[in-house]
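Step one of this worksheet: look at the structure below.
The values are calculated or read from the model by the stated rules, or taken from the named source; none is laboratory data. From a predicted model like this one, the values you see are computed outputs, not experimental measurements. As a convention, Cβ positions derive from the backbone with ideal geometry for all residues, glycine included, and neighbour counts pool all protein chains shown.
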Amino acid sequence: MSNESEGNFVTTDGRNIGGVMMEMKNITLRFGGVVALENISFNILEGEVRAIIGPNGAGKSSMLNVISGFYIPQEGEVIFQGSPRPSLKPFEVAHQGIARTFQNIALFEGMSVLDNVMTGRLTKMKTGIFSQMIWAGKAEREEIENREAVEKIIDFLEIQAIRKTPVSRLPYGLKKRVELARALAAEPNLLLLDEPMAGMNVEEKQDMSRFILDVNSEFGTTIALIEHDMGVVMDLSDRVVVMDYGRKIGDGTPDEVRNNQEVIDAYLGVSHD
Amino acid sequence: MNTVSTNELVSIPALLLRNVSIRGDMPAYREKEFGIWQSWTWSQTSLEIENFALGLRDLGVEKGDFVAIVGRNRPAMYWAMVAVQMLNAVPVPLYQDSVAEEMAYVLEHCGAKYVIVGDQEQVDKILEVQESVSGIEKIIYFDAKGLRKYEHSRLSSFIEVQEKGQSLRESQLTKLDKIRSSITLDDICVMLYTSGTTGRPKGVVLSNRNIIETSKNSAEFDNLKSSEETVAYLPMAWVGDFIFSIGQAYWTGFCVNCPESPETLNTDLREIGPSYYFAPPRVFETQLTSVMIRMEDAGNFKKWLFEKSMALAKRVGGNILDGNSVGVIDRIKYFLGDIFIFGPLKNTLGFSKIRVGYTAGEAIGPEIFEFYRSLGINLKQLYGQTEASVFITQHPDGEVRSDTVGVASPGVELKVAESGEVFYRSPGVFIEYFKNSESTGETKDRDGWVATGDAGFVEEETGHLRIIDRAKDVGKMLDGSLFAPKYVENKLKFYPNILEVVVFGNGREFCTAFINIDLIAVGNWAERMNIAYSSYQELAGHDLVMGTIKEHIEEINQSISEDSMLAGCQINRFLVLHKELDADDGELTRTRKVRRNIIEDKFSDLITALYDGSSSVSTETEVTYEDGRKGSIKATLTIHDTKTIDISQRMAAE
């Protein structure tokens, strides 16, 4: 599998990995004098699960924010689906088919799970505010279509029992799942997950891993995720980017990365014997 | 289509044909999916089943084949069962929460070549089983989620099989009709594995005659109509579900509603409002516990009103339900209570429309039973077994008592042997235990009398049967007094704090007990008391919890001492177990009955400590996690002494 970075191959479990979906070229991001990302290049292939790992402060979240278009790097360019991406507003990014979840859950706490997931359909609603107020004809049909799509996601993520529960009453693990549901509701091509398993217990992590894999294989969604838990990352992802102090120190399949001396040093510390 | 005459109603597929012809447009199944109740009429159901049957036939299912079915209650799973029957093959429903090892035994035993499963979880288990059991040729799954990447040479989806059947419909339907009409009353209808409180599960073979006759008799007993609504949520492998959701449903033509997921059951119950309802005592206990917990959190006025109303209901509710005479003022009060408390409460529980409700499987605590009756819910008891196609005795309307299990069901004869063991004979009596003629011979004699394994007696005046305990569990204490563990356990289990109890004392000087606390109830209490805990084990070992349990035991000791026959069963010493008794560890059956021998074996060190006077004991126990991995728990348990009432002194004083 030497030509992996060029794409177009079939994984051992039968999924099709396509061509390059997104390419980062020599990205450098600075906040004042602080260099958050330094000359980073890697790509994301269509249909793969791509992980970005690294110790605290390595620049993972900054990287994800560059991918999502929230940060504009001072140097380098992001090429999305073949063409360089200009500076975009968040809703424009959403229209491009990119959806994300957040490290610190960002749901509407007072709203029900169902309503929260429905907000993920916003980009799919085309009727104007007035016809939605009158609630007849096209607006009604549209709502029904969107509700159906949302119900399928609720079924997929097995959150039927909390459909009508206000989000503020849910435990942490379920909130994470609701956030994933909202991101999926946008039917993204590229799904960005910022520490989807942070703060979860073993059982919740297993559930979440299962859902992430299912999303990838059922919908063919490309997934880029940031994660702390090495074990989880190695099991989930097709390829891993390793970062440390804003630099890329490793890139490759989980096995390659695991045996990379620089990665071992960064992650486990250098032994002084 | 011509109406099918009664003497042709010899099988479930025949009943299906009849239902299509007389009530084709009435709903047969509903399932909540994507947040909406989807429904299928009898005509649609028949089409679904026929197509699936044609597809199965194409795969090679033949008369007499055993086809295992594993999944939660969904219309498709029920259709699969009837489709198998349509080919005169035998459906074998299995408990979906069985671990792979248990499934392997059963699949090997019945030699199933085909397994129809609900989802990926079950597929994974069967694939694991396949490594040791060779006969399985094909796995048919319903929910494709997560299965896309699997190697599909031995996997087919339900839909694929159905579509294949559909395409063969024109050419093959007459052949299917031929098989369907060749089914006789004496062919096997279904094989159900008993969960077995002792030893390996046994395959109970039930004929069409067993199921059809029993369904007919029991439906007539309660005057069931085609307009009944039921919610199917109990394990499909349990004989009760087979009789209620298939036997009676097809006989009377009522609608079976399947919940969206096991977690949404309460919402779904409330939305459907079943008129015919069935639940083991545990479900009623859990619901009562959750009501009581929520009332504890309510404001003072609400609490006061609830307590007042329940006291009134306890006094008159049951009598009103039974049609006994009740004073006008009480009736007015009860009417008001119904508007403000009982009605809304019943509605919350989903019990507003219940016309006939049954509890069975285990003895229900009299207080729990009375609670539901006093709300005006016609809850009755039923005593049955897989070997009897469920029904042995049941309560007729108006004759409901918590201390009996009712009178012999229609067509059932009862007799009590010298030893006190209850025997029965009925049209529902099973044919045999599959590949186990030895056990068949032990249980069923040549005249068709079946031993229940329960000790009891029939009341002369009323004909009601009273069950004391499992015949093999009833024993004698060292001083010769009667030992009936179940009786004591049930009294204790009424306390919301206590989930499970195992009482020991057979052949011993005094009685002792293992207690499992109810984590939900006690956890809620701990929260209010500001007691921090991190696990079941920690909470179970807390001094305040121990104190409460001790109080409960002393209360029941008091009440037991009032019954001179059973006064010896008072509990002298107890401990709270460090783990919850669990079916995965073999301590309970899949229907959550206590397996005494296994517990006695496994915790023998604890029992020794209960009897040798020590005040604490250290132990280590192996546990099995849900995914089959094993681990162990270490704990030091304290043993507490409890006050008992000495009846000899008391009698002397009187």
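Answer yes or no as to whether B:Gly299 is out of contact with any Gly (no Cβ under 7 Å at 6 or more places or on another chain) and surrounded by fewer than 16 Cβ atoms within 10 Å (Cβ to Cβ). Steps first, please.
Numbers: out of contact with any Gly (no Cβ under 7 Å at 6 or more places or on another chain): yes; surrounded by fewer than 16 Cβ atoms within 10 Å (Cβ to Cβ): yes.
When the stated conditions are applied, B:Gly299 passes them.
Per this entry, A:Ile223 is not counted among residues that are within 14 Å of chain B (Cβ to nearest Cβ), buried (at least 22 other Cβ atoms within 10 Å of the Cβ), in contact with a helix residue (DSSP H, G or I) (Cβ under 9 Å, 6 or more places away or on another chain) and modelled with pLDDT of 90 or more. Residues in the stretch A:187-216 that are buried (at least 20 other Cβ atoms within 10 Å of the Cβ), within 14 Å of chain B (Cβ to nearest Cβ), touching a residue at least 60 places away in the same chain (Cβ under 8 Å) and farther than 19 Å from A:Tyr172 by Cα: A:Asn216 alone.
Could you tell me whether A:Val241 is buried (at least 22 other Cβ atoms within 10 Å of the Cβ) and away from chain B (no Cβ under 14 Å)? Working first, answer last.
On the way: buried (at least 22 other Cβ atoms within 10 Å of the Cβ): yes; away from chain B (no Cβ under 14 Å): yes.
So A:Val241 passes the test.
The number of residues in the stretch A:159-170 that are facing another protein chain (nearest Cβ under 10 Å) and in a helix (DSSP H, G or I) comes to 3. Pull up the stretch B:239-260, narrow it to residues that are part of a loop (DSSP other than H, G, I, E, B) and over 18 Å from the mean Cα position of the chain (by Cα), then point me to the one that is farthest from the other protein chains (Cβ to nearest Cβ). Filtering first and then ranking leaves B:Gly253. Pairs meeting the criteria (first residue in the stretch A:140-158 and within 8 Å of chain B (Cβ to nearest Cβ), second residue outside any helix (DSSP H, G or I) and surrounded by 14 or more Cβ atoms within 10 Å (Cβ to Cβ), beta carbons under 7 Å, at least 6 apart or on different chains) are A:Glu148/B:Phe34; A:Glu151/B:Phe34; A:Glu151/B:Gly35; A:Lys152/B:Phe34; A:Ile154/A:Arg163; A:Asp155/B:Phe34; A:Phe156/B:Lys145; A:Glu158/B:Ser261.
Checked against the criterion of being of a type in the set (D, E, K, R), closer than 24 Å to B:Phe457 by Cβ, crowded, with 19+ Cβ neighbours inside 10 Å and out of contact with any Cys (no Cβ under 8 Å at 6 or more places or on another chain), the stretch B:343-366 has no qualifying residue.
One residue stands out among those in the stretch A:132-163 that are surrounded by 15 or more Cβ atoms within 10 Å (Cβ to Cβ) and of a type in the set (Gly, Ala, Ser): the one that is farthest from the chain's Cα centre (by Cα), which is A:Ala139. Residues in the stretch A:91-115 that are within 20 Å of A:Lys126 (Cα to Cα) and touching a Ser or Thr at 6+ places or on another chain (Cβ under 8 Å): 5 in all.
Residue-level check: of (1) under 16 Å from B:Cys189 (Cα atoms); (2) not in a loop (DSSP other than H, G, I, E, B), B:Ala28 misses just (1).
Among the numbered conditions (1) surrounded by fewer than 19 Cβ atoms within 10 Å (Cβ to Cβ); (2) over 18 Å from B:Phe142 (Cα atoms), the only one that B:Gln38 does not meet is (2). Got at least one residue in the stretch A:256-272 being under 14 Å from A:Phe42 (Cβ atoms), out of contact with any helix residue (DSSP H, G or I) (no Cβ under 6 Å at 6 or more places or on another chain) and aliphatic (A, V, I, L, M)? Among the residues of the stretch A:256-272, not one is under 14 Å from A:Phe42 (Cβ atoms), out of contact with any helix residue (DSSP H, G or I) (no Cβ under 6 Å at 6 or more places or on another chain) and aliphatic (A, V, I, L, M), which makes the answer no. Within 14 Å of chain A (Cβ to nearest Cβ) and modelled with pLDDT under 95: does that describe B:Gln120? It is true that B:Gln120 is within 14 Å of chain A (Cβ to nearest Cβ) and modelled with pLDDT under 95. Of the helices (runs of 4 or more DSSP H) lying entirely inside the stretch A:171-273, those carrying at least 2 residues that are more than 19 Å from the chain's Cα centre (by Cα), more than 30 Å from B:Glu626 (Cα to Cα) and in the same structural domain as A:Glu75 (by TED's automatic domain parsing) are A:254-258, A:261-268.
Among the strands (runs of 3 or more DSSP E) lying completely within the stretch A:3-114, list those that include at least 3 residues that are farther than 20 Å from A:Glu195 by Cα. Walk me through how you get there before you give the answer.
Numbers: elements: A:20-31, A:34-45, A:49-53, A:75-80, A:98-101.
The strands (runs of 3 or more DSSP E) meeting that bar are A:20-31, A:34-45, A:75-80.
Return yes when A:Glu92 is out of contact with any Leu (no Cβ under 9 Å at 6 or more places or on another chain) and either basic (Lys, Arg) or surrounded by fewer than 18 Cβ atoms within 10 Å (Cβ to Cβ) (or both) and no when it is not. Criteria met by A:Glu92. The condition of being in contact with a strand residue (DSSP E or B) (Cβ under 8 Å, 6 or more places away or on another chain), more than 28 Å from B:Ile36 (Cα to Cα), surrounded by fewer than 18 Cβ atoms within 10 Å (Cβ to Cβ) and outside the structural domain of A:Arg210 (by TED's automatic domain parsing) holds for only one of A:Gln74, A:Gln103, that being A:Gln103.
B:Gly398 meets the conditions (1) touching a Phe, Trp or Tyr at 6+ places or on another chain (Cβ under 7 Å); (2) at pLDDT below 90 in every case but one. The failed one is (1). A count restricted to the stretch B:198-214 and to residues that are touching a Leu at 6+ places or on another chain (Cβ under 7 Å) and closer than 12 Å to B:Ser439 by Cα stands at 1.
Tally the residues that are among the charged types (D, E, K, R), surrounded by 16 or more Cβ atoms within 10 Å (Cβ to Cβ) and under 34 Å from the mean Cα position of the chain (by Cα), restricting the search to the stretch B:160-187. Even if it seems obvious, please write down each step before you answer.
So in the stretch B:160-187, the residues among the charged types (D, E, K, R) come out as B:160, B:163-164, B:169-170, B:175, B:177-178, B:180, B:186-187.
Of the ones still in play, those that are also surrounded by 16 or more Cβ atoms within 10 Å (Cβ to Cβ) are B:164, B:180, B:187.
Pick out the ones that are also under 34 Å from the mean Cα position of the chain (by Cα) and you get B:180, B:187.
Of the residues in the stretch B:160-187, 2 are among the charged types (D, E, K, R), surrounded by 16 or more Cβ atoms within 10 Å (Cβ to Cβ) and under 34 Å from the mean Cα position of the chain (by Cα).
As a summary of the residue check, B:Gly453 satisfies the conditions (1) more than 24 Å from B:Ile571 (Cβ to Cβ); (2) in the same structural domain as B:Ile553 (by TED's automatic domain parsing) except for the one numbered (2).
Inspect the stretch B:102-113 for any residue being closer than 26 Å to B:Asp186 by Cα and aromatic (Phe, Trp, Tyr) and give the result as yes or no. If you could, list the steps in order and put the result at the bottom.
Within the stretch B:102-113, the subset closer than 26 Å to B:Asp186 by Cα is B:106-113.
Checking the rest, the ones that are also aromatic (Phe, Trp, Tyr) come to none.
Within the stretch B:102-113 (the criterion being closer than 26 Å to B:Asp186 by Cα and aromatic (Phe, Trp, Tyr)), the answer is no, since none of the residues qualifies.
Only one of these is part of a strand (DSSP E or B), assigned by TED's automatic domain parsing to the domain that holds B:Tyr78 and surrounded by 15 or more Cβ atoms within 10 Å (Cβ to Cβ): B:Val190, B:Val204. Name it. Full working, then the answer.
Working: B:Val204 fails: assigned by TED's automatic domain parsing to the domain that holds B:Tyr78.
Step by step, each of B:Val190, B:Val204 is checked, and only B:Val190 is part of a strand (DSSP E or B), assigned by TED's automatic domain parsing to the domain that holds B:Tyr78 and surrounded by 15 or more Cβ atoms within 10 Å (Cβ to Cβ).
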